[in-house]
Amino acid sequence: MLIGEVARRSGVSARMLRHYDSLGLVRPTGRTVAGYREYSGEDIRRIFHIESLRSLGLSLREVGRALDDPGFRPSDLVDDLVRQTRERIAGEVELLNRLRRIGAAEPDDWADVLQVVALLRDLGSESADRRQRAALSSVGEVPVEALVEAALSEADPNVAGALRWALAQSGDDGLGLLAEGLDAPTAEVRRRAVRAVAEIPHDAATDLLRDALTHADLAVRRYAALVLGARGVVDAVPTLVEMIVEGTNDVDAADALSALAGDPASADRIATGLVERLVPGVSEPAARLRLVQALADLPGSTASTALAELSDDGDRVVALTATYVRTLRDAR
């Protein structure tokens, strides 16, 4: 079959067939009676083999190696193609995200575009100092989406703090994305998300933290409870009491309960919650001691009664501490 006929039937242009010939990829092996070079059936099969490999993204050099190297392993080719494809997709996704962020910033002129591009580049810099400076300069300049993404991936504590500050200055625009971060599959991302929400001083952030009290991640629940306690949200009381019993950030939890106890109704509810955990023979002496210390700053008769009973506790340290606390309360 002559080159024109092969081109017409295969869809590979005559020019490309000549290029394959010049590279030694496939050459007509037959001759017509008139002496013209002619493609054999085996040559045509090789042409389609070349086109199939090219469709996978191989260069002509790689195609030639795949066809002619006896030691060539198809599995190695596939693995390499997978790697290259992933890298290409990741690069294109990053470009798309960058373009979306630039568009979201609504730049008015090229100077604004360059400013946004520079900040986005610095937020992704390998230098923690550059990332921190970019975070502190990004308020009102960089879309909140970019700030949230950076905050949820930042491991450096100083840069993370700057990013949380920037998000707090941006209002509650990033709360929807931070809520998604709370449900991330990675524990560290979830904890970065709750810390970022905690620094946003808006009712919507408080509502999101209140929802986090039932979160599956214990660390998220406890961090939310500490913040809510400082904000006067009594829903945090059960988690704060549990933290005292377990001895996890118990001093911070006791401080949060003390702050909540400024309201007499809340004080009684808190004291009741603590007393319910004072089960003789069940709660450990160390846990009872922490509960005594938490009761010390709570006003009201419920706390006083509990401390009187704990003055006769079977554990000497618990009893002495309760007695000492009662003495201080009486003096006040």
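Summary table below
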{"quantity": "Built amide H within the under 5 Å cut-off of Glu38, gap 5+", "calculated": "Thr29, Gly30, Arg31, Thr32"}
{"quantity": "Candidates Glu126, Glu188, Glu51: whichever shows maximal mean-square fluctuation once the chain is modelled as a Gaussian network with Cα springs under 10 Å", "calculated": "Glu51"}
{"quantity": "Degrees separating the helix 316-331 axis from the principal Cα axis of the chain, which is the longest one", "calculated": "70"}
{"quantity": "Cα-based shape type of segment 237-332, given that a ≥ b ≥ c are square roots of the gyration tensor eigenvalues and the cut on a/c is 1.5", "calculated": "oblate"}
{"quantity": "Helical mean residue ellipticity (222 nm; -39500 (n - 2.57) per DSSP H run of 4+; nearest 500) of the chain", "calculated": "-22000 deg cm²/dmol"}
{"quantity": "Dipole moment magnitude, nearest 20 debye, segment 1-51 about Cα centre, only Lys, Arg, Asp, Glu C-beta charged", "calculated": "100"}
{"quantity": "Under Karplus coefficients 6.51, -1.76 and 1.60, residue-wise ³J(HN,Hα) of segment 47-57 in Hz, glycine/proline x", "calculated": "4, 5, 5, 4, 5, 5, 5, 5, 5, 7, x"}
{"quantity": "Candidates Gly181, Gly41, Gly171: whichever shows maximal mean-square fluctuation once the chain is modelled as a Gaussian network with Cα springs under 10 Å", "calculated": "Gly41"}
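None of the figures in this text is laboratory data; all of them are computed from the coordinates on show. Please read these numbers as outputs of a predicted model, since none were measured by experiment. Note that we place each Cβ from the backbone using ideal geometry, even for glycine, and neighbour counts take in every protein chain shown.
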